[in-house]
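Engineer: For reference, the structure I am asking about is given below.
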Amino acid sequence: MKSYRLLTLTFLNIVVQLMVCTTGFADEVRHSKVGDKVQVDKALTLTLTTKHQNYNWGDKATLDGDICSPKSVKFHPDGSKYYVNSLEGGSTVVYDAATHKKLKVITHRFTGNETGLWAERSGLFSFVKYLSNQDKFVGKPVESTFTHNGRYLWVTYYRRSYDINAQEPSAVAIIDTQCDSIVRMMETGPLPKMIATSADGRCVAVTHWGDNTVALIDVSGAKPVDWHYVACIAIGQKLKMDFSTTTHVNRDEVSGLKLRGTVFMPDGKHLLVSCMSGSGIAVIDVERRKYVCMIYGQECNVRHMLIKNNYLYISANLPGKVQRIPLDSISRAVTGMSGRVKVKGWQTCQVYCGTRTISISPSGRYLFAACSHSSQLAIVDTKTMTRIGSTVIDSYPVGLDISPDGKTLITTSQGKRGGGGNSVNVFSVEYADYDAEIAGMDHVVAKEDEDTSEMVVCALPKKEEVEDRLDLPKIGMALAGGLIALVTTIICIIRSRKRRKDNEE
C-alpha cells in the first residue's frame, strides 16, 4: 500500500510541476502606463509616450474605437506616418508619426459592386464552397509590405468574412499611400498571412498559411493594372481542404506546415519561408519558381525573419529565442542543394516565450522583440547577442516596427478572449550616442564563425513541433524533474522490497 502511495504522490508531483510551468506566463493580463520608462545599459532609453487602446473606456486621452485586435504595424519608408492593421475591426488605421493623430481609417468592407478594383482572375485559385457573392465580404487585415518606394501598401486578408474556415481564396488590398485609399484588389490563396517585397522591388511574395503554398507577383510595372501572378509554389505537398461551411475549425492549428516568416535574399534569387509547424525554413528558387530545399539547424517554430547587415535574424516563438547567422552561410547552403540541409553556426539569445515580430535599429546594433506570452518588449544587443533589457507592454504583443530614424518604436497587442490586447503602444527611443547609431546604419559586415558553413543532409524529423501556447522549455524541465522523481521512487520501492525479502529469509 505504501508503494502505491509513493507512486501516487510522485504522479501528483509531476502534475503540479506542469501546472507551475504553464500558468505563470500565458494568460496574465498586463497593462503599460503612459510615461513608463526603461533605461537599458546606459545606451538606450525607452519611454512610453502614448498609446491607442480600446480596453479602458475611462481613459479618453488614449481611447481609440478603431483599434480592434491590432495584428501588425508598419512605418511608411519616409517615416511620416504608420499603418495599423486592425484584424477584427476590418480596417487599416493611419496615424501621423509626429503627432500620433489619426489621419484616416481604411475600411476593408466590400459590397460586391467594386468590380473596377479587382484584377483579372489568375486561374491559380479556385472557389469550391462559396460560388456566389464571392466579392461581398469584410476582409481581416493581417500583415503588409510596401512597393514602389512606399507609393503602395499591400495588405493581406486572413480570410473573407463569409469563409469561416479560411479554405477558399482570400485577397490582398493595394493602398495608394498618397491618398490612403484602396486602388486595387487581387485574389490570393487561402489564409495569407505574411507578404514581402524583393530588394529590387520587382516581386511580391504572398505566403499562404492555409495550404502550404507561396505565390509570386510580378510588380515590375509602374501601374497597378500591370501587376500579375507568375506562380503559386507548393512547399512539399499542397494541403487539401474540405472543411465545414457551418462549423468552425481552428485554422491556426489545422494548416499543414503553417508557413509564416517570409524574406527575400538580397539578390532576389531565393525566397526564405519559415514553417512554424516543424523546425524548417523552406527555400524557393525565384527564377525557376520552384521549392528547392529545407534548412534545418535553427530553433523550431520560427515565426518572423528579417535581414540586416548581411545577417539573417529569426524569432523562435515557443522556445522564446532570437537567432542570427551570416547570410553567406545560407547562400552556400542553398546553392546546388536539394532535400534537407542542416546549417550550423547560429548565434542564439534567450528572450521570452512567445517571441513574435522582431525589428532592428537603423545601425543594426539593437534588436527588439515582441514577446506575447510574457507581455514584454525584449531588447537585444546584437553585438553580443544577449538580452540587455525589457519593459512591460499591453498583453498580448504580436506586431512591432521601428521608424526609419530609429526614434520611435510601436507595438501592437492583439485582442484575446478573457481580456488583454486591443492596444497600440508608442515608445520614444533615445540613444546615448545617436550620431554613432546613424553613422553605423547598414555599415556592419557579418563575420562568419569557422563552423557556420557546415552543411549535412539530414532526415525528416520524426515529430513536428507545432505552434502552441505552452512553454515547451519549461514543460521539458518539469517533465524531467517529474521523471527523476518517479525513477527515484521506483528504485526506493524495489530496494525496500528487497530488504524486506532479505529480512524474511
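Engineer: Residues of the range 248-275 being of a type outside the set (Gly, Ala, Ser), assigned to a strand (DSSP E or B) and open to solvent by less than 10 Å² (accessible area, probe 1.4 Å), which ones? Working first, answer last.
Structural biologist: Applying the first criterion (of a type outside the set (Gly, Ala, Ser)) to the range 248-275 yields 248-254, 257-260, 262-267, 269-273, 275.
Retained after the next criterion (residues that are assigned to a strand (DSSP E or B)): 259-260, 262-264, 270-273, 275.
Scanning the range 248-275 gives Leu259, Arg260, Thr262, Leu271, Leu272, Val273, Cys275.
Engineer: One residue is enough: does the range 180-191 have a residue meeting the conditions open to solvent by less than 10 Å² (accessible area, probe 1.4 Å), of a type in the set (Gly, Ala, Ser) and more than 26 Å from Lys104 (Cα to Cα)?
Structural biologist: Yes, some residue in the range 180-191 is open to solvent by less than 10 Å² (accessible area, probe 1.4 Å), of a type in the set (Gly, Ala, Ser) and more than 26 Å from Lys104 (Cα to Cα).
Results for (1) touching a Cys at 6+ places or on another chain (Cβ under 7 Å); (2) closer than 20 Å to Asn309 by Cβ; (3) at pLDDT 95 or above, shown as yes or no for each residue.
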position: Pro319; (1), (2), (3): yes, no, yes
position: Ile325; (1), (2), (3): no, yes, yes
position: Arg332; (1), (2), (3): no, yes, no
position: Thr335; (1), (2), (3): no, no, no
position: Ser338; (1), (2), (3): yes, no, no
position: Thr348; (1), (2), (3): no, yes, yes
position: Ile358; (1), (2), (3): no, yes, yes
position: Arg365; (1), (2), (3): no, yes, yes
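Engineer: Please determine, by comparing only the residues of the range 35-46 that are open to solvent by 20 Å² or more (accessible area, probe 1.4 Å) and touching a strand residue (DSSP E or B) at 6+ places or on another chain (Cβ under 6 Å), which one is nearest to Lys102 (Cα to Cα).
Structural biologist: Asp36
Engineer: Given the criteria hydroxyl-bearing (Ser, Thr, Tyr), over 14 Å from the mean Cα position of the chain (by Cα) and over 23 Å from Asp267 (Cβ atoms), does Tyr311 qualify? If you could, list the steps in order and put the result at the bottom.
Structural biologist: On the way: hydroxyl-bearing (Ser, Thr, Tyr): yes; over 14 Å from the mean Cα position of the chain (by Cα): yes; over 23 Å from Asp267 (Cβ atoms): no.
In short, no.
Engineer: Just one of Tyr434, Tyr396 is closer than 19 Å to Ala43 by Cβ and not β-branched (Val, Ile, Thr); which is it?
Structural biologist: Working: Tyr396 fails: closer than 19 Å to Ala43 by Cβ.
The unique qualifying residue is Tyr434.
Engineer: Going through the range 98-107 one residue at a time, which ones are at negative phi and in contact with a Ser or Thr (Cβ under 6 Å, 6 or more places away or on another chain)?
Structural biologist: Selection gives Val105, Ile106, Thr107.
Engineer: Considering only the range 286-294, I want to know if a residue exists there that is assigned to a strand (DSSP E or B), within 25 Å of Cys371 (Cα to Cα) and at pLDDT 95 or above. Spell out the reasoning first.
Structural biologist: From the range 286-294, those assigned to a strand (DSSP E or B) are 290-294; that's our starting set.
This time we only want the ones that are within 25 Å of Cys371 (Cα to Cα), so: none.
Scanning the range 286-294, I find no residue that is assigned to a strand (DSSP E or B), within 25 Å of Cys371 (Cα to Cα) and at pLDDT 95 or above, so the answer is no.
Engineer: For the range 44-71, enumerate the residues that are in contact (Cβ under 8 Å) with a residue 60 or more places away in the chain and assigned to a strand (DSSP E or B).
Structural biologist: Leu44, Thr45, Leu46, Thr47, Leu48, Thr49, Thr50, Lys51, His52, Gln53, Pro70, Lys71, listed by residue number.
Engineer: Also: From Arg260, Arg184, grab the single residue that is farther than 19 Å from Lys71 by Cα and of a type in the set (D, E, K, R). Walk me through it before giving the result.
Structural biologist: Values: Arg260 fails: farther than 19 Å from Lys71 by Cα.
Just a single option satisfies the conditions, and that option is Arg184.
Engineer: Shifting gears a bit: If the Cβ limit is 7 Å and pairs must be 6+ apart or interchain, which residue in the range 198-224 that is on the phi > 0 side of the Ramachandran plot pairs with which residue that is part of a strand (DSSP E or B) and open to solvent by less than 10 Å² (accessible area, probe 1.4 Å)?
Structural biologist: Gly201/Thr147; Asn212/Leu259
Engineer: Within the range 287-297, count every residue that is open to solvent by 20 Å² or more (accessible area, probe 1.4 Å) and touching a residue at least 12 places away in the same chain (Cβ under 8 Å).
Structural biologist: Within the range 287-297, residues that are open to solvent by 20 Å² or more (accessible area, probe 1.4 Å) and touching a residue at least 12 places away in the same chain (Cβ under 8 Å) number 7.
Engineer: Output the residue which, of all residues in the range 358-399 that are closer than 24 Å to Leu259 by Cβ and touching a Pro at 6+ places or on another chain (Cβ under 8 Å), is surrounded by the most Cβ atoms within 10 Å (Cβ to Cβ).
Structural biologist: Here the answer is Ala370.
Engineer: Look through the range 204-247, keep the residues that are over 20 Å from Glu143 (Cα atoms), of a type in the set (Gly, Ala, Ser) and assigned to a loop (DSSP other than H, G, I, E, B), and return whichever of them is least open to solvent (accessible area, probe 1.4 Å).
Structural biologist: For the range 204-247, the residue satisfying everything is Gly221.
Engineer: Moving to a separate point now. Of the conditions (1) modelled with pLDDT of 95 or more; (2) surrounded by 21 or more Cβ atoms within 10 Å (Cβ to Cβ), Gly278 fails just one. Which one is it?
Structural biologist: Among (1) modelled with pLDDT of 95 or more; (2) surrounded by 21 or more Cβ atoms within 10 Å (Cβ to Cβ), the lone unmet condition for Gly278 is (1).
Engineer: Continuing with the same structure: Starting from residues that are within 30 Å of Ala234 (Cβ to Cβ) and touching a Gly at 6+ places or on another chain (Cβ under 8 Å), keep the ones in the range 91-131 and report whichever is most open to solvent (accessible area, probe 1.4 Å).
Structural biologist: Across the range 91-131, the extreme among qualifying residues is Leu124.
Engineer: Can you say whether Asp36 is modelled with pLDDT of 95 or more, over 24 Å from the mean Cα position of the chain (by Cα), farther than 30 Å from Trp154 by Cβ and of a type outside the set (Val, Ile, Thr), as far as the supplied structure shows? Reasoning before the result, please.
Structural biologist: Values: modelled with pLDDT of 95 or more: yes; over 24 Å from the mean Cα position of the chain (by Cα): yes; farther than 30 Å from Trp154 by Cβ: yes; of a type outside the set (Val, Ile, Thr): yes.
In short, yes.
Engineer: Which residues, counting only those in the range 149-203, are of a type in the set (Gly, Ala, Ser), touching a His at 6+ places or on another chain (Cβ under 8 Å), more than 20 Å from Val273 (Cβ to Cβ) and in a loop (DSSP other than H, G, I, E, B)?
Structural biologist: Here is the first cut: in the range 149-203, the residues of a type in the set (Gly, Ala, Ser) are 150, 161, 166, 170-171, 173, 181, 189, 196, 198-199, 201.
With the extra rule that they be touching a His at 6+ places or on another chain (Cβ under 8 Å), the set shrinks to 150, 173, 189, 201.
Then keep just the ones that are more than 20 Å from Val273 (Cβ to Cβ); that gives 150, 173.
Result: no residue meets the conditions.
Engineer: Looking only at the range 400-414, filter to residues that are within 16 Å of Thr357 (Cα to Cα) and among the small types (Gly, Ala, Ser); which one of those is surrounded by the fewest Cβ atoms within 10 Å (Cβ to Cβ)?
Structural biologist: Ser403
Engineer: Looking at this structure, is Lys321 buried (at least 19 other Cβ atoms within 10 Å of the Cβ), closer than 23 Å to Ser144 by Cα, out of contact with any His (no Cβ under 7 Å at 6 or more places or on another chain) and among the basic types (Lys, Arg)?
Structural biologist: Here the answer is no, as Lys321 does not meet what is asked.
The values are calculated or read from the model by the stated rules, or taken from the named source; none is laboratory data. This structure is a prediction, so every number in the text was calculated from the model and none was measured. Cβ coordinates were reconstructed from backbone atoms using ideal geometry, including for glycine residues, and neighbour counts include every protein chain displayed. Heads up: the accessible areas ignore ligands, DNA and RNA and are worked out on the full protein's heavy atoms, side chains in. Shrake-Rupley method; radii C 1.70, N 1.55, O 1.52, S 1.80 Å.
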